[in-house]
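Working notes, structure below.
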Ligand code: MG
């Protein structure tokens, strides 16, 4: 029996994880779970899965429930991270949204657990620290992100020096074919209509701006240790090919499947083995034809280039990009900046905080805070 902690249990990846575990009850036991503030949903899920260790990230959500606090429910970011260290936990599924996912990633890896990582922001904001935590504690980082799960599967059995290049696929999002003028006018409802994947609001907006793909390039750089010039991105509108690996001999291996997050979740839980799952076995190449690939249009999607350049710059730049982007997305969802205004906010923040370092967690958190304040000021300036 594998003990699983599901962090972000009520979000999109959290729900996919629980759906997978419902079908594999003999293999997995949900020993811990957390959510940002959905206390009622957590209570129901804890009863269903017989889960004893529970945390709510937003402590205020427990204010009127002293019964739960006295029943041992944890609260606050530290309470969530603590779940990743529990002795009965073998795998921590980190599906927390945003940079808030960093402390639980570090806690899981430092305690020698497998961290099934859906929180790519951990690696973007503090890639070196996350890798160091894994080395120190003997933890293991396994991606839940579909592209990175694909790469892991394509690389199986090969040696690092045999890998020449990674090619991540991007759906292109809802504005793949939109004019620059239409994108300027785009509202949140349109941007939230993702063509192939059903996900939370933050990542859906990131997919519409292609900021998500920049975050994924940085994620791939840290997960697989390849330099940025050997990580490429191609637009693939139907999201059937989840990524490619090109080897030094010219062979290219891809991993495919109908877009469904349950597949990479199951793989992150069971890697390197594959348990039978009839629900996910539904591949029909004829129905899924044709497979189309296009270049990324960096002019219409400036957040993509800004993010990749931040990755290349290194130091604190990826953390600044990530924090500014989180503020920009939040402001767009609230109607405070336009769709194209998000890139302005991020570009201005990167410029002001250029050259910062982030060599320990305190520094990362300080840079993250400074970038958030700067980006918020930028939002106000644009609105005025
Ligand atoms: Mg992805």
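The values are calculated or read from the model by the stated rules, or taken from the named source; none is laboratory data. As the structure is a computational prediction, the values presented were derived from the model and not from experiment. Note: ideal-geometry Cβ built from the backbone for every residue, glycine included; neighbour counts use all protein chains shown.
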| said: Under 6 Å between Cβ atoms, which residue pairs at least 6 apart in sequence (or on different chains) link something in region 139-153 that is more than 18 Å from residue 207 (Cα to Cα) and away from the ligand (no atom under 13 Å from the Cβ) with a partner that is in a loop (DSSP other than H, G, I, E, B) and modelled with pLDDT of 95 or more? | reply: 139/112; 139/113; 142/271
| query | Quick one: which of 346, 364 is over 23 Å from residue 235 (Cβ atoms) and in a helix (DSSP H, G or I)? | reply | 364
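With more than 12 Å from the ligand (Cβ to nearest atom), more than 20 Å from residue 144 (Cβ to Cβ), over 18 Å from the mean Cα position of the chain (by Cα) and buried (at least 18 other Cβ atoms within 10 Å of the Cβ) as the only criterion, which of 174, 227, 195 stands out?
Just a single option satisfies the conditions, and that option is 174.
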| Among the residues of region 234-286 satisfying the criterion of being over 25 Å from the mean Cα position of the chain (by Cα) and not in a loop (DSSP other than H, G, I, E, B), which is surrounded by the most Cβ atoms within 10 Å (Cβ to Cβ)? | 247
| query | Of the residues that sit in region 111-136 and are over 23 Å from residue 315 (Cβ atoms) and more than 16 Å from the ligand (Cβ to nearest atom), which one is surrounded by the fewest Cβ atoms within 10 Å (Cβ to Cβ)? | reply | 112
| query | When you look at residue 166, is it within 14 Å of the ligand (Cβ to nearest atom), buried (at least 17 other Cβ atoms within 10 Å of the Cβ) and over 30 Å from residue 190 (Cα atoms), yes or no? | reply | yes
| message | Go through (1) at negative phi; (2) at pLDDT below 95 for residue 328 and report which single condition fails. | response | (2)
| Qualifying positions in region 19-39 - surrounded by fewer than 21 Cβ atoms within 10 Å (Cβ to Cβ) and part of a helix (DSSP H, G or I) | 19, 22, 23, 39
| field | Among the residues listed as 96, 124, the single one being in contact with a helix residue (DSSP H, G or I) (Cβ under 8 Å, 6 or more places away or on another chain), under 23 Å from residue 329 (Cα atoms), in contact (Cβ under 8 Å) with a residue 24 or more places away in the chain and assigned to a loop (DSSP other than H, G, I, E, B) | value | 96
